[in-house]
Amino acid sequence: MDVVAPVSARVVSLPFESGAEVEPGDVVAVLEVMKMEHPVVVATGGWIRQLFVAIGDTVEAGDRLMHVESDGSTAPQVTDPVDTSLLEEVIQRHRFTLDDARPEAVAARHRTGRRTARENLADLCYAFTEYGPLALAAQRSRRDLDDLIRRTPADGMIGGVGRVDTGTEGDDRAVVVSYDYTVLAGTQGFQNHRKKDRLFALAKEMDLPVVLFAEGGGGRPGDVDWPGVSLLEVPAFRLFAEIAAPKIGLNTGYCFAGNAALLGECDLIIATRDSNLGMGGPAMIEGGGLGSHSPEHVGPAEVQSANGVIDVLVDDDVAAVDMARRLLGVTRGVARTGESGGQDRLGDLVPSDRRRVYDMLSVITTLLDADSFIELRSGYGRAAITGFGRIDGRSVGVIANDPGHLAGAIDHQAAVTLGRHLRLCARWDIPVVALCDTPGFMVGPEAEAEGLVRSAGELFRVSGETNVPIGVIVTRRAYGLGAMAMAGGGFHEPRFVVGWPTSEFGPMGLEGAVKLGFRRELAAIDDPAERESELARRIEEMYQLGKGVNIASHFEIDDVIDPADSRDWILSTLW
């Protein structure tokens, strides 16, 4: 029986000489090609009668290596034993990345009332594929490898592609990145910067949303194992900005410097009430000669909510993760359930007395699917209400005026809030429902001091650029430029404009229009009571002209409807 070469290669080993006895399964030659060894095994026992090659010879596939005189014996084919120590090393290294390997760090974290990064990830994702779990801090020249393995797992940042159950039928994948505050205070290290670059590029390529847990102290000065100085060329911040899909940021505790910059790039920011956000932490502030401050006094949540930085305030980690899941769901498709109720009560929420205030938020939550509305920026721009919700399971953006604040007049903050929300809806292709009750833009020296001229103009510009369907429901007042801004720039721009029975319209507020337009007539009346009576009469006359049914009779709006039919208009036109 001739034993032949299975591949073209060089002979590197001939364990048996001519005349030697061999057993079934013996390796009788080893061939090498491209640094890979190919053992040649005999299937039967016997004696080697002749060798045709020597060590160092080059052979072609099929060339004879030796002739073996078989004795007919055979044995089951065996394979080389697997070296399990290699797999065990891998398993052990991964064990060091888990919370169980660091009970003291986990206990310290729990004493603060917060969950670990991996606990938050496990809550958010029902499946998670991690990138770079074995990365270590770039400090090998100053610390033992074993110390780095045990104390700097994942270089303080966990990232990968997770699957999130958002209750929708859409793609459930998201890139999830979480700084780990139990590792070097969640700082931005050399290796975790590289990991972010990798994941952000992946999110852009796959068009996946990103969920960022941002808690941490910014740049890390202790990393020394890299050949640079300033790190000003890192691409993470630019790469993050290039991601078109939704970016949702979460924070508990302290978030400063680079971590805060990434958080600020997010489309939506969720923060716990004990959060502190700042572009520089206490050390940087003191180093700049700006005084000594405790971290609790730098950008507390109540300040960052009032100035519009934080979109949603929550109580704790559990609520933050749940809110992230809900916000992801808004962008992912149709919900598996979409229940509503109480539509027959909508009309009762707006008083027939046109001067009586009411709760616009109740109108919104009743109109939308039950428990679906998520209000954004509730602490900023309070004359406007913005958020996301669902109609029959379908995602909608909501913009509304709040008659309980400035009577619903659009001031600078409200204009900024409305414009920002319209941009988000346009970017994510979410139709908009506008609930209009405004006397127009706010006026007066104080309003102008905030820059209202520019923000009002910007709101019109954003409205004109918005490429998603808008439906307008006028619950009470629709006056002047403010009403036009709520309707995407004008009442012939939206898919529909309808009024409720309480609706009223005009180029400006009734009282102002009468006082301005009939100033001479009113001034000519000497008796104050008679003058006030004439003013009231003319206002009522203007109201009759501007009430919804009269405006609809001129086809300046599409209809005046029973409020209970509002959802039908939305479902019939916005998708």
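Values as computed for the structure displayed
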{"quantity": "Filter result for Gly62 (surrounded by 12 or more Cβ atoms within 10 Å (Cβ to Cβ) and on the phi > 0 side of the Ramachandran plot)", "calculated": "no"}
{"quantity": "Residue identified as touching a helix residue (DSSP H, G or I) at 6+ places or on another chain (Cβ under 7 Å), under 29 Å from Pro431 (Cβ atoms) and open to solvent by 60 Å² or more (accessible area, probe 1.4 Å) among Asp322, Asp267, Asp348, Asp344", "calculated": "Asp344"}
{"quantity": "Selected residue [crowded, with 23+ Cβ neighbours inside 10 Å, over 22 Å from Thr386 (Cα atoms) and among the small types (Gly, Ala, Ser)] from Gly217, Gly249", "calculated": "Gly217"}
{"quantity": "Where a residue in segment 517-542 is free of Cβ contacts under 8 Å to residues at least 24 places away in the same chain and its partner, wherever it lies, is assigned to a helix (DSSP H, G or I) and open to solvent by 80 Å² or more (accessible area, probe 1.4 Å), with Cβ under 6 Å and at least six apart", "calculated": "Leu522/Arg531; Ile525/Arg531"}
{"quantity": "Residues satisfying the stated conditions in segment 26-75, i.e. in a loop (DSSP other than H, G, I, E, B) and either without any contact (Cβ under 8 Å) to a residue 40 or more places away in the chain or β-branched (Val, Ile, Thr) (or both)", "calculated": "Asp26, Met34, Lys35, Val42, Ala43, Phe52, Val53, Ile55"}
{"quantity": "Filter result for Arg198 (modelled with pLDDT of 95 or more, open to solvent by 50 Å² or more (accessible area, probe 1.4 Å) and not aromatic (Phe, Trp, Tyr))", "calculated": "yes"}
{"quantity": "Those residues of segment 194-217 which are under 23 Å from Leu98 (Cβ atoms) and outside any loop (DSSP other than H, G, I, E, B), in sequence order", "calculated": "Arg194, Lys195, Lys196, Arg198, Leu199, Val211, Leu212, Phe213, Gly216"}
{"quantity": "Among residues of segment 357-390, those that are assigned to a strand (DSSP E or B), buried (at least 23 other Cβ atoms within 10 Å of the Cβ) and under 22 Å from the mean Cα position of the chain (by Cα), counted", "calculated": "6"}
{"quantity": "Given (1) surrounded by fewer than 17 Cβ atoms within 10 Å (Cβ to Cβ); (2) part of a helix (DSSP H, G or I); (3) modelled with pLDDT of 95 or more, number of the condition Asp146 does not satisfy", "calculated": "(3)"}
{"quantity": "Enumeration of residues in segment 78-128 that are under 30 Å from the mean Cα position of the chain (by Cα), more than 20 Å from Gly253 (Cβ to Cβ) and open to solvent by 90 Å² or more (accessible area, probe 1.4 Å)", "calculated": "Arg95, Asp100, Tyr126"}
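The values are calculated or read from the model by the stated rules, or taken from the named source; none is laboratory data. For clarity, every value in this text was computed on a predicted model and none was experimentally measured. Cβ sites come from the backbone with ideal geometry, for glycine too, and all protein chains shown count toward neighbours. These area figures cover heavy atoms from the full protein model, side chains too; ligands, DNA and RNA do not enter into them. Shrake-Rupley method; radii C 1.70, N 1.55, O 1.52, S 1.80 Å.
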